[in-house]
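Engineer: Sharing a structure below in structure tokens format, with a few things to ask.
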Amino acid sequence: MWQNELQPINFANRRKKFLQSLKKGVAVFLAAEHAVRNPDVHHPYRQESNFYYLTGLEEAKSIALFSGNQKLAFQLFVQPRDKDQEIWHGKTIGPDAAKSQFGADAAHPSQPESVFDDAFIEAMKQADRLYYRVGQDRVFDQRIFKLLQRAHRERGRTGRGLWPICDPTELLAEMRQLKSKAEIERLQNAAHITAEAHINAMRVAKPGMFEYEVEAVLYHAFRVHGAGRLGYPSIVASGPNTCVLHYTANQRRMKDHELLLVDAGAEYDYYTADISRTFPVSGAFTEEQREIYGAVLTAQKAAIRLARPGKTLPEIHQTAVEVMVEELKRLKILKGATKQILQKKEYRSFYPHGTSHWLGMDVHDVGHYYEDETSTRHRKLEPGMVFTVEPGLYFSPESNAPARYKGIGVRIEDDILITSRGAEVLTSGVPKEIEEVESLCSQP
């Protein structure tokens, strides 16, 4: 699939499904704004995931209005064309093209504000609730609250209060959690690109290099193979930094006989991979490193073997934990009865995080972890779900681990797609067996 022509995303079909779940509600989505880096410089733009999922529009200062109870089911509000600004920043969509190119029932300029305000009031007349994510933009929050009060006044005396406000992610989470064929293609491409980057990192990393030099190798591979951006800030952690779960400074010089933990993922057409590999910068694991790496790999393999329809993420995590406890006992890092260690969670000193999270447009993607809002029953895995399996062991210099293991951190992470037959490891292109890793790392 990598580098092949991809099946186009059917945004119209997504909107149809969303409107069906919206019923008599109204939904408002606000485009991401440009994040300021310096007074007149912005960070690279990335559209808000839900907004892009339903519209395909990559432009700031835009609003999407959905109504499940009127002919104008999908309206876009975009910035008007400005030839002077386009000289500096490039061509904008404009209302006319927004309607024809993005399938809106109607498209309007986002300025003056009264254009959206009047359309919102009209849409709310027959609505039973509003779907809007509060807290994304405080200024726009206040605008929505005032519009709701205005709509309530214009509705007249009905005896009803203001409309309930719900998070639209509650409706979109189910849609985004079950990936379509087109989405899986993009995730596969992201995985292939990321795998190539990790292999390059293993080949290049050597004692004396700085972590940021390896980071540059990763980013080069992402971009040269067509990834639009990082899925998240890359973790390139050497030596004791391997024990810091979200280390992103990437400034340290690597030394002989140390490990390098790389957690990095490319984003391809709004879908991201998430891979972690840990490897020896000198080309071969020390005895202690090999023992810890082997323990993590054994736990990860056991967890992946369990992944199939009908299982749950907590079951996968529990399998990883149980295997890890036995490995830690074998290495005499933990002592005592397994049952007692599990009950007291003594392993948490060395394995402090979960094993899995959903993956998709966001690295920690939306998706239900429970069957419903009030249930304590965990969501069962279904074909189309994508998630990570990433056990790890971390022995910081300040930990109570045996001295021989202090400063060692290992995480191994792969991306898993649930299929009707079981599971597919999307990121299998990156070696993780000890002999394969050492072979790559020892290449000149």
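Engineer: Looking only at segment 331-356, how many residues end up being part of a helix (DSSP H, G or I), out of contact with any Asp or Glu (no Cβ under 9 Å at 6 or more places or on another chain) and not aromatic (Phe, Trp, Tyr)?
Structural biologist: Residues that pass the stated criteria total 7.
Engineer: Condition (residue is among the charged types (D, E, K, R) and farther than 30 Å from Ile434 by Cα) applied to segment 183-194: is it met by at least one residue?
Structural biologist: yes
Engineer: If I ask for residues that are surrounded by fewer than 19 Cβ atoms within 10 Å (Cβ to Cβ) and either not β-branched (Val, Ile, Thr) or not assigned by TED's automatic domain parsing to the domain that holds Asp269 (or both), which ones from segment 197-208 would you list?
Structural biologist: Asn200, Arg203, Lys206, Pro207, Gly208, listed by residue number.
Engineer: When segment 258-273 is examined, which residues are found to be outside any strand (DSSP E or B) and of a type outside the set (A, V, I, L, M)?
Structural biologist: Within segment 258-273, Glu258, Gly265, Asp269, Tyr270 meet the criteria.
Engineer: Look through Pro39, Pro44, Pro80 and report the one residue that is over 24 Å from Lys125 (Cα atoms) and touching a helix residue (DSSP H, G or I) at 6+ places or on another chain (Cβ under 9 Å).
Structural biologist: That would be Pro80, the only listed residue that is over 24 Å from Lys125 (Cα atoms) and touching a helix residue (DSSP H, G or I) at 6+ places or on another chain (Cβ under 9 Å).
Engineer: Answer yes or no: is there a residue in segment 50-71 that is out of contact with any Gly (no Cβ under 9 Å at 6 or more places or on another chain), part of a helix (DSSP H, G or I) and among the hydroxyl-bearing types (Ser, Thr, Tyr).
Structural biologist: yes
Engineer: For segment 286-315, enumerate the residues that are surrounded by 19 or more Cβ atoms within 10 Å (Cβ to Cβ) and either more than 25 Å from Val437 (Cα to Cα) or modelled with pLDDT under 95 (or both).
Structural biologist: Leu313
Every residue, every condition in (1) under 28 Å from Glu113 (Cβ atoms); (2) modelled with pLDDT of 95 or more; (3) assigned to a helix (DSSP H, G or I); (4) not charged (D, E, K, R), yes or no:
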residue: Gly135; (1), (2), (3), (4): yes, no, no, yes
residue: Phe140; (1), (2), (3), (4): yes, yes, yes, yes
residue: Glu196; (1), (2), (3), (4): no, yes, yes, no
residue: Ile199; (1), (2), (3), (4): no, yes, yes, yes
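Engineer: On the given criteria, is Lys24 exposed (fewer than 15 other Cβ atoms within 10 Å of the Cβ), assigned to a loop (DSSP other than H, G, I, E, B), of a type outside the set (A, V, I, L, M) and touching a residue at least 60 places away in the same chain (Cβ under 8 Å)?
Structural biologist: Spelling it out, Lys24 is indeed exposed (fewer than 15 other Cβ atoms within 10 Å of the Cβ), assigned to a loop (DSSP other than H, G, I, E, B), of a type outside the set (A, V, I, L, M) and touching a residue at least 60 places away in the same chain (Cβ under 8 Å).
Engineer: Shifting gears a bit: If we scan segment 263-280, do we find a residue that is of a type in the set (Asp, Glu), under 19 Å from Glu435 (Cα atoms), out of contact with any Asp or Glu (no Cβ under 7 Å at 6 or more places or on another chain) and surrounded by 17 or more Cβ atoms within 10 Å (Cβ to Cβ)?
Structural biologist: Among the residues of segment 263-280, not one is of a type in the set (Asp, Glu), under 19 Å from Glu435 (Cα atoms), out of contact with any Asp or Glu (no Cβ under 7 Å at 6 or more places or on another chain) and surrounded by 17 or more Cβ atoms within 10 Å (Cβ to Cβ), which makes the answer no.
Engineer: If you take the residues of segment 373-400 that are free of Cβ contacts under 8 Å to residues at least 24 places away in the same chain and touching a strand residue (DSSP E or B) at 6+ places or on another chain (Cβ under 9 Å), which of them is surrounded by the most Cβ atoms within 10 Å (Cβ to Cβ)?
Structural biologist: Within segment 373-400, the match that is surrounded by the most Cβ atoms within 10 Å (Cβ to Cβ) is Arg377.
Engineer: Here is a follow-up. Quick check on segment 108-121: of everything there that is closer than 18 Å to Leu57 by Cα and either in contact with a Ser or Thr (Cβ under 7 Å, 6 or more places away or on another chain) or of a type in the set (A, V, I, L, M, F, W, C) (or both), which residue is surrounded by the most Cβ atoms within 10 Å (Cβ to Cβ)?
Structural biologist: Among those that are closer than 18 Å to Leu57 by Cα and either in contact with a Ser or Thr (Cβ under 7 Å, 6 or more places away or on another chain) or of a type in the set (A, V, I, L, M, F, W, C) (or both), it is Phe116.
Engineer: Answer yes or no as to whether Ala302 is outside any loop (DSSP other than H, G, I, E, B), touching a Pro at 6+ places or on another chain (Cβ under 8 Å) and aliphatic (A, V, I, L, M).
Structural biologist: Answer is no for this residue.
Engineer: Go through (1) more than 21 Å from the chain's Cα centre (by Cα); (2) on the phi < 0 side of the Ramachandran plot and name the single condition Leu54 misses.
Structural biologist: Result: Leu54 fails condition (1) only.
Engineer: Then there's this: Determine if segment 246-255 includes at least one residue that is part of a strand (DSSP E or B) and surrounded by 24 or more Cβ atoms within 10 Å (Cβ to Cβ).
Structural biologist: no
Engineer: Given the condition under 22 Å from Gly392 (Cα atoms), hydroxyl-bearing (Ser, Thr, Tyr) and outside the structural domain of Ser49 (by TED's automatic domain parsing), answer yes or no: does some residue in segment 219-227 qualify?
Structural biologist: No, because not a single residue in segment 219-227 is under 22 Å from Gly392 (Cα atoms), hydroxyl-bearing (Ser, Thr, Tyr) and outside the structural domain of Ser49 (by TED's automatic domain parsing).
Engineer: Scanning for something buried (at least 23 other Cβ atoms within 10 Å of the Cβ) and in a loop (DSSP other than H, G, I, E, B), does segment 402-411 turn up at least one residue?
Structural biologist: Within segment 402-411, not a single residue is buried (at least 23 other Cβ atoms within 10 Å of the Cβ) and in a loop (DSSP other than H, G, I, E, B).
Engineer: Now a separate question. Please find, within segment 134-169, the residue that is surrounded by the most Cβ atoms within 10 Å (Cβ to Cβ) out of those that are of a type outside the set (A, V, I, L, M, F, W, C) and in contact (Cβ under 8 Å) with a residue 40 or more places away in the chain.
Structural biologist: So the residue we want is Pro168.
Engineer: Another question, if that's okay. Looking at Asp96, Asp105, can you tell me which residue is in the same structural domain as Gly68 (by TED's automatic domain parsing), over 18 Å from Glu58 (Cα atoms) and of a type outside the set (A, V, I, L, M)?
Structural biologist: Being in the same structural domain as Gly68 (by TED's automatic domain parsing), over 18 Å from Glu58 (Cα atoms) and of a type outside the set (A, V, I, L, M) holds for just one of Asp96, Asp105, which is Asp105.
Engineer: Is one or more of the residues making up segment 357-367 more than 28 Å from Phe51 (Cβ to Cβ), part of a loop (DSSP other than H, G, I, E, B) and either in contact with a helix residue (DSSP H, G or I) (Cβ under 6 Å, 6 or more places away or on another chain) or not assigned by TED's automatic domain parsing to the domain that holds Lys311 (or both)?
Structural biologist: no
Engineer: Has segment 52-62 got at least one residue that is aliphatic (A, V, I, L, M), closer than 28 Å to Gly231 by Cα and touching a residue at least 40 places away in the same chain (Cβ under 8 Å)?
Structural biologist: yes
Engineer: Just to be sure before I move on: is Lys301 among the charged types (D, E, K, R) and over 23 Å from the mean Cα position of the chain (by Cα) in the structure I sent?
Structural biologist: No: the conditions fail for Lys301.
The values are calculated or read from the model by the stated rules, or taken from the named source; none is laboratory data. This structure is a prediction, so every number in the text was calculated from the model and none was measured. With ideal geometry, Cβ positions are generated from the backbone for all residues, glycine too; neighbour counts draw on all protein chains shown.
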